Amino acid sequence: MQLAEHKATLSFNNGSPSVDLPVYQGSIGPEVVDIRKLYGQTGMFTYDPGFLSTASCQSSITYIDGEKGRLLYRGYPIEQLATQCDFLDTCYLLLKGDLPNETQRGDFHKLVLQHTMVHEQMQFFLRGFRRDAHPMAVLTGLIGALSAFYHDSTDIHNPEHREIAAIRLISKLPTLVAMAYKYGVGQPYMYPRNDLSYAGNFLRMMFGTPCEDYKVNPVLEKALDRIFILHADHEQNASTSTVRLCGSSGTNPFAAIAAGVACLWGPAHGGANEACLNMLEHLQANGGIAKVGEFMEQVKDKNSGVKLMGFGHRVYKNYDPRAKLMQETCNEVLAELGLEKDPLFALAKAVEKIALEDDYFVQRKLYPNVDFYSGIVQRAIGIPVKLFTGIFTLARTVGWIAQLNEMIGDPEYKIGRPRQLYVGAPERNVSAQR
């Protein structure tokens, strides 16, 4: 963070003196006005619901340019990482700051893949949940419970503890997600295999059974690995900010990540692809392709209450760079599985075609986002809709850890304490009301 030569001046029309505020520059992106001393100088706070115009931290992990549709991890365009690296390479990059060399890559892959087993008592912990519990409810509990099983890595201020906890979380999340799925469908858990890739191992734990050997389909393996890469981090979003805020109190890494999981569960955040598939299934049950045109007209009508899920993005005012990559993967998976003519996927293509060609959607830049395509891919692979956000959790965990570690290492970090504009009753007397 570099101090700019110019300053911002805040002036008032009530006779109060103006205030000069420092301006800082990042390596790329907008400058920021430093308001840390604003209250001391003026007795005022800023008002920014949702923190849409507030930089809560300085970070060197992820950069998004929503106007140009750019996403960088540690300076690398997401398009390059998704096509030239695998997920564990991306994990190393997010955690360490640089891509690994050949030796570092081998060591890191081995370290992660050899710690995928979870404590055997986790099975008994799982049995406390109802079989029909939502997987995110289960994962919130399981991840929070890791701090009860791994006491030797719960000091968030100890760099060694944070590193151990990071590897444990990245290694064990596929196992926990697969266990949550198997428990819900009543199948036996599949122990991880160290000789498979990160994504391949997860596919086997999800869909394999003790009855026969499971052969990993390389197209599905590649597709899932890409999903993980595209969702690994996304700057200071709601769940990442939750992890930072929770971690700022000094709580253990497992608890901080569990807080992020709880936030991610929301349909406006990690549940977006689940909401997208639910929309398609509802449309399919009510006429399918024959009703697509009518449905899209209802979307255009602001009074209809009908929403188009999986299109547009709060940050990207142009095309979501992840969506194009996921679109390619979507076509590859559907072709591999012979599902191009599946009714639901054909319906999704019909919705996509209208959104990409209709002036109403084009002018408003309501392009398909990553959630639209990732939901289709996951359903094609066989992942149930309720587990979509669990897959998101698995992928985003490394980003949360990197953000948490960065915050703890920041000499300017303090426990989070947002302010408010109080609009309730002024001070009053109880006796005056009687």
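The values are calculated or read from the model by the stated rules, or taken from the named source; none is laboratory data. Bear in mind that the values here come from a model prediction, so they are computed numbers and not experimental data. Ideal geometry is used to build each Cβ from the backbone, glycine not excepted, and the neighbour counts take in all protein chains shown. Ligands, DNA and RNA are excluded from the accessible area calculation, which covers all protein heavy atoms including side chains. Shrake-Rupley method; radii C 1.70, N 1.55, O 1.52, S 1.80 Å.
Listed values, structure above:
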{"item": "Residue identified as open to solvent by 40 Å² or more (accessible area, probe 1.4 Å) and assigned to a helix (DSSP H, G or I) among L220, L245, L203, L224", "result": "L245"}
{"item": "Hits in the stretch 176-198 - residues which are more than 19 Å from D213 (Cβ to Cβ) and free of Cβ contacts under 8 Å to residues at least 24 places away in the same chain", "result": "V185"}
{"item": "Qualifying residue in the stretch 386-402 (condition: part of a loop (DSSP other than H, G, I, E, B), touching a residue at least 40 places away in the same chain (Cβ under 8 Å) and either surrounded by fewer than 24 Cβ atoms within 10 Å (Cβ to Cβ) or polar (S, T, N, Q) (or both))", "result": "no"}
{"item": "Odd one out for I383 among (1) open to solvent by 20 Å² or more (accessible area, probe 1.4 Å); (2) in contact (Cβ under 8 Å) with a residue 12 or more places away in the chain; (3) not in a helix (DSSP H, G or I)", "result": "(1)"}
{"item": "Sole residue being at positive phi and either at pLDDT below 90 or in a helix (DSSP H, G or I) (or both), chosen from G305, G270, G266, G260", "result": "G305"}
{"item": "Filter result for S60 (modelled with pLDDT of 95 or more and among the hydroxyl-bearing types (S, T, Y))", "result": "yes"}
{"item": "Filtered residue count, the stretch 1-59, keeping only those that are among the acidic types (D, E) and open to solvent by less than 50 Å² (accessible area, probe 1.4 Å)", "result": "2"}
{"item": "Sole residue being of a type in the set (F, W, Y), under 21 Å from R396 (Cβ atoms) and open to solvent by less than 30 Å² (accessible area, probe 1.4 Å), chosen from Y63, Y92", "result": "Y92"}
{"item": "Residue within the stretch 68-76 that is open to solvent by less than 50 Å² (accessible area, probe 1.4 Å) and either modelled with pLDDT under 95 or farther than 30 Å from G200 by Cβ (or both) present", "result": "yes"}
{"item": "Boolean, T83 is closer than 30 Å to Y367 by Cα, surrounded by fewer than 16 Cβ atoms within 10 Å (Cβ to Cβ) and touching a residue at least 40 places away in the same chain (Cβ under 8 Å)", "result": "yes"}
{"item": "Restricting the stretch 348-380 to residues that are under 23 Å from L71 (Cα atoms) and free of Cβ contacts under 8 Å to residues at least 40 places away in the same chain, the residue that is most open to solvent (accessible area, probe 1.4 Å)", "result": "Q363"}
{"item": "The one condition in (1) of a type in the set (D, E); (2) in contact with a Leu (Cβ under 7 Å, 6 or more places away or on another chain); (3) closer than 27 Å to G66 by Cα that E340 fails to fulfil", "result": "(3)"}
{"item": "Unique match (being aromatic (F, W, Y), open to solvent by 40 Å² or more (accessible area, probe 1.4 Å) and under 20 Å from M122 (Cβ atoms)) among Y189, Y214", "result": "Y189"}
{"item": "Criterion (polar (S, T, N, Q) and more than 16 Å from S248 (Cα to Cα)) met by exactly one of N405, N429", "result": "N429"}
